Amino acid sequence: MPAQVETTGGSNGIAFLVSAGIVYEIIAAACSSPQTTEINASTRADTLMKWVNIGLVQALGFVAIAAYVDPKHRGAILSGGLLAGGLMYGQYAHAKKAGLANGGPPTERV
């Protein structure tokens, strides 16, 4: 006989990780890595940051929907999404700043 799986529970930890994970996944799907942003900042900084912002808006929509449909875990969903969004934005902003200040050779040419 197969083991019983509890379907009525859940945990804030899981909800937090899922919310944070979706933010990272959506931003990754929308743009290059912070490393690529830094390397190519001289040629693509504005375009890369545009896609970071678009990814954040998309992620916000998913996190908001998840928080709405799962009120029991709303706090964990929102805190995971907000923390991940803030961390990812910070990484890309730093990469842009460092890349523009460094002035190293980009991997792409315009």
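For residue 44, the conditions (1) in contact with a helix residue (DSSP H, G or I) (Cβ under 7 Å, 6 or more places away or on another chain); (2) touching a residue at least 12 places away in the same chain (Cβ under 8 Å); (3) among the basic types (Lys, Arg) are fulfilled apart from (1). Any residue in segment 52-62 that is crowded, with 20+ Cβ neighbours inside 10 Å and of a type in the set (Phe, Trp, Tyr)? There is no residue in segment 52-62 that is crowded, with 20+ Cβ neighbours inside 10 Å and of a type in the set (Phe, Trp, Tyr).
Scanning segment 23-74 for residues that are over 13 Å from residue 92 (Cα atoms), within 15 Å of the chain's Cα centre (by Cα) and not β-branched (Val, Ile, Thr) returns 25, 29, 58, 59, 60, 61, 62, 64. Is it the case that some residue within segment 85-108 is surrounded by 17 or more Cβ atoms within 10 Å (Cβ to Cβ), more than 13 Å from the chain's Cα centre (by Cα) and over 17 Å from residue 31 (Cβ atoms)? The answer is no; no qualifying residue exists.
None of the figures in this text is laboratory data; all of them are computed from the coordinates on show. Everything quoted here is computed from the prediction, not taken from an experiment. Here the Cβ is made from the backbone with ideal geometry for all residues, glycine too, and neighbour counts use every protein chain on show.
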